[in-house]
Amino acid sequence: MNTTQLPQLIRPDLQAHIYSDQLLTNVRNLRTFCPARTRFCAVVKANAYGHGISEVVGILRNYVDAFAVATFYEALHIEPMTGGKPILILEPVNPAYTPEQIKLCARYGFHCELSSLEGVEYAHRVLQGSDLRISLHLNVETGMGRCGLDEPICSAILQRLPDCPNIKLAGVMTHFATADEDDLSYAYEQLFRFERFLTKHQLKDRNDIIIHACNSAGTLKIPQAHYDMVRCGVSMYGYYSRPMKNPPVPLTPALKLQAPITQLKKIPAGHSVSYGRSFIPKRDTLAAIVYLGYADGYRRCFSNRAQMKIDQSLAPVVGRVCMDQVILDVTDVPNVKLGQMVTVLDNQHDSPCGAYALSELADTICYEILTMIHSHVKRIVH
Ligand SMILES: *Cc1c(COP(=O)(O)O)cnc(C)c1O
């Protein structure tokens, strides 16, 4: 093993298996659900939702039309890997960008979000007189209440842009706040406001502008909003934003996380386990120590609540989850072996250690469970 020049610490004992077939099938199913003209933008922010950004971009680059990331730095990181596919940066252009950053965005053809008039003026000032041109997407506030811009400011920007030759209005977008909920009335209200905006400014028939609105939930539930492009994250990785009955598109999780059993030991009845003595077995117990903990993305609140899978058997987590170790009760699990790999996060929707089940235990959404998977976990592409 070459240990002299590792650019980044990797833990090959912690293995996130990434199944290319699943990822590509999810993309194909989502694409088929959209009109043929609708572009597919693969959202790979947050280390591709914990799946590994380099790995996912490598798998997808020939099968998607664009990539979206949260920040400039992620865009710079994947730029050499996308095979020329455009990258949309969701962070708005703003004066905290250095002039150099603005120029690099233009040079690399990054598409950036636009969420202020100051952003326009800043990009204009930096690029003025050069032969560089930056592609910006106007983010329209329709009810998300985050980085969209209210109509009067959008209007001011649309009026200002013709005087900014170094800025290309490449897109107009909005973002849904509630597309994952059962009640879609608010989402439809947002769609209505977006439509009204597009009509008022005669943006709908301009084929030099990409109009986009849908995240995963919007893509699945509001087909009228597909427009020129959809921005899919969680669905591509195989999940509905929240568990969904009768989904219109089949999706399969593309990741399975495994860690090894590094120790097996007998714990006599009545002896306590781990910090805080939160578990005291009533029977003589065979315990397995799995070498992963909250520092690797396995939440501490799973203590005494979650389960892991050993072959086809389930074993409960007992005692507190530690920084880098978890203890399982494997008394009832047949043929447990030292060194055996245990499934920590399963690739089935209904698995007791799937992302939905774990997110329920942690009182969160599957996104957070996935993105917590530490970047030092080894990604193994199948
Ligand atoms: C993260 C994000 C998405 C992707 O959301 P999913 O629910 O994972 O599909 C789409 N659009 C914007 C603006 C985002 O920030």
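Summary of computed values
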{"item": "Within the stretch 244-255, tally of residues that are hydrophobic (A, V, I, L, M, F, W, C) and more than 13 Å from the ligand (Cβ to nearest atom)", "result": "2"}
{"item": "Residue match in the stretch 256-277 (condition: crowded, with 18+ Cβ neighbours inside 10 Å and within 16 Å of the ligand (Cβ to nearest atom))", "result": "no"}
{"item": "Subset of the stretch 201-243 [within 13 Å of the ligand (Cβ to nearest atom) and part of a helix (DSSP H, G or I)]", "result": "S216, A217, G218, T219, L220, K221, A225"}
{"item": "Any hit, the stretch 160-179, residues being in contact with a helix residue (DSSP H, G or I) (Cβ under 6 Å, 6 or more places away or on another chain), at positive phi, in the same structural domain as I210 (by TED's automatic domain parsing) and surrounded by 18 or more Cβ atoms within 10 Å (Cβ to Cβ)", "result": "no"}
{"item": "Which listed residue, of N62, N94, is away from the ligand (no atom under 15 Å from the Cβ) and modelled with pLDDT under 95", "result": "N94"}
{"item": "Enumerated helices (runs of 4 or more DSSP H) restricted to the stretch 1-87, each holding at least 3 residues that are exposed (fewer than 15 other Cβ atoms within 10 Å of the Cβ)", "result": "20-33"}
{"item": "Residue among L292, L338 that is among the aliphatic types (A, V, I, L, M), surrounded by fewer than 21 Cβ atoms within 10 Å (Cβ to Cβ), touching a strand residue (DSSP E or B) at 6+ places or on another chain (Cβ under 7 Å) and in the same structural domain as I373 (by TED's automatic domain parsing)", "result": "L338"}
{"item": "Residue selected from the stretch 88-102 under the condition β-branched (V, I, T) and over 19 Å from R231 (Cβ atoms), by the criterion surrounded by the fewest Cβ atoms within 10 Å (Cβ to Cβ)", "result": "T98"}
{"item": "Qualifying residue in the stretch 298-309 (condition: farther than 14 Å from V330 by Cβ, of a type in the set (G, A, S) and at pLDDT 95 or above)", "result": "yes"}
{"item": "Any chance T252 is assigned to a strand (DSSP E or B) and among the hydroxyl-bearing types (S, T, Y)", "result": "no"}
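The values are calculated or read from the model by the stated rules, or taken from the named source; none is laboratory data. Since this is a predicted model, take the numbers as computed values, not measurements. Methodologically, a virtual Cβ is constructed for each residue, glycine included, from the backbone with ideal geometry; neighbour enumeration extends over all protein chains shown.
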